[in-house]
Amino acid sequence: MRVTTSLAMISLVVGGGLLASAQAPAKSGWVDRFDVDKGAFASVGANDFFRLEPGAFLILEKGKERLVIAVLDETRLVDGVVTRVVEERETKGGELVEVSRNFFAFNAADRGVYYFGEEVDIYKKGRVVRHEGAWESGKDGARFGLMVPGRPEVGDRFYQEIAPGVAMDRARIVSLETLIRTPAGEFKGCLEFVETSPLEPLARDTKIYAPGIGLVRDGSLLLVEHGRKEGK
């Protein structure tokens with residue numbers, strides 16, 4: 001999890017990046033169980049802020065750091081649900097540092113995108129050195145979480161990962177009207193999260209999702225390119 005500074009009620013980042021963000025009081029409690037019909041899950045789908053469509057990709061950068069997110073033409077059966085594999089490749093200075101294969105499913109009933117786990121390869125000098133943060137719903141007490149709700153409301157608080165002792169990321173929605181400027185363009189009416197984890201009490205991460213696009217800010221990384229690969 002990338003650590004970021006705390007958000008103000010109205011925040012301004014000069015020279016590109018976050019322009020304006022309205023923050024509201026959080027609702028009490030964190031939701032960590034989701035009463036959804038597993039029969040309504042699909043490996044393809046999209047809500048206003050998350051596209052789970054094969055071929056879709058996002059590229060975010062800051063300086064020498066680069067994150068490439070790609071929705072693969074590949075599925076994985078996890079906890080009785082056919083999920084879509086979304087690959088994230090992170091490089092620094094052109095050197096690969098991490099590859100994760102994330103398992104997501106779209107729920108047609110509530111339009112939420114749910115997170116069922118991930119495989120993680122962490123690299124050092126071109127070799128895999130560990131798999132920190134890997135988990136899978138239905139194994140070792142882990143359960144699926146909610147990545148992006150279909151009907152978000154300011155103040156919503158929910159777990160995205162529920163793998164005790166391994167991955168417990170959670171998100172609080174602070175705005176539905178964030179305005180952000182990135183190298184890929186300016187986006188209005190964005191969904192903004194503040195992410196934390198009880199496993200890392202001092203860590204805070206900001207993520208912003210643009211309507212019809214998806215993730216446009218991840219910590220200090222900003223969107224530089226997005227689209228869909230031909231033939232997908």
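The values are calculated or read from the model by the stated rules, or taken from the named source; none is laboratory data. Because the structure is predicted, anything quoted here is derived from the model rather than measured. Ideal geometry is used to build each Cβ from the backbone, glycine not excepted, and the neighbour counts take in all protein chains shown.
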*Scan the stretch 181-193 residue by residue and report those that are part of a loop (DSSP other than H, G, I, E, B) and touching a Gly at 6+ places or on another chain (Cβ under 9 Å).*
PRO183
*asked:* Going by what's in this entry, would VAL120 be described as closer than 24 Å to LEU52 by Cα and touching an Asp or Glu at 6+ places or on another chain (Cβ under 7 Å)?
replied: yes
*Of the numbered conditions (1) over 20 Å from ILE69 (Cα atoms); (2) buried (at least 19 other Cβ atoms within 10 Å of the Cβ); (3) not polar (S, T, N, Q), PRO198 satisfies every one except a single condition; which is it?*
(2)
*Would you check which residues across the stretch 83-124 are over 25 Å from SER220 (Cα atoms), assigned to a strand (DSSP E or B) and among the charged types (D, E, K, R) and list them?*
ARG84
_Just the residues that are farther than 18 Å from ASP79 by Cβ and crowded, with 18+ Cβ neighbours inside 10 Å, please, taken from the stretch 140-155._
VAL148, PRO149, GLY150, PRO152, VAL154
_Return the pair list, or none, for Cβ contacts closer than 8 Å from residues in the stretch 101-116 that are within 18 Å of ASP73 (Cβ to Cβ) to residues that are crowded, with 21+ Cβ neighbours inside 10 Å and among the acidic types (Asp, Glu), at least 6 apart or on different chains._
ARG101/GLU118; ASN102/GLU118; PHE103/GLU118
*Among the residues of the stretch 47-82, which ones are out of contact with any strand residue (DSSP E or B) (no Cβ under 6 Å at 6 or more places or on another chain), in contact (Cβ under 8 Å) with a residue 60 or more places away in the chain and not in a loop (DSSP other than H, G, I, E, B)?*
ASP73
*Only one of PHE193, PHE187 that is farther than 25 Å from ARG84 by Cα, of a type in the set (Phe, Trp, Tyr) and modelled with pLDDT of 95 or more*: PHE187
*Cβ-Cβ below 7 Å, separation at least six or inter-chain, first residue in the stretch 134-152 and closer than 11 Å to ASN47 by Cβ and in a loop (DSSP other than H, G, I, E, B), second modelled with pLDDT of 95 or more and small (Gly, Ala, Ser): which pairs?*
PRO149/GLY112; GLY150/GLY112
_in a strand (DSSP E or B), closer than 16 Å to TRP30 by Cβ and polar (S, T, N, Q): which single residue out of THR196, THR178 fits that description?_
THR196
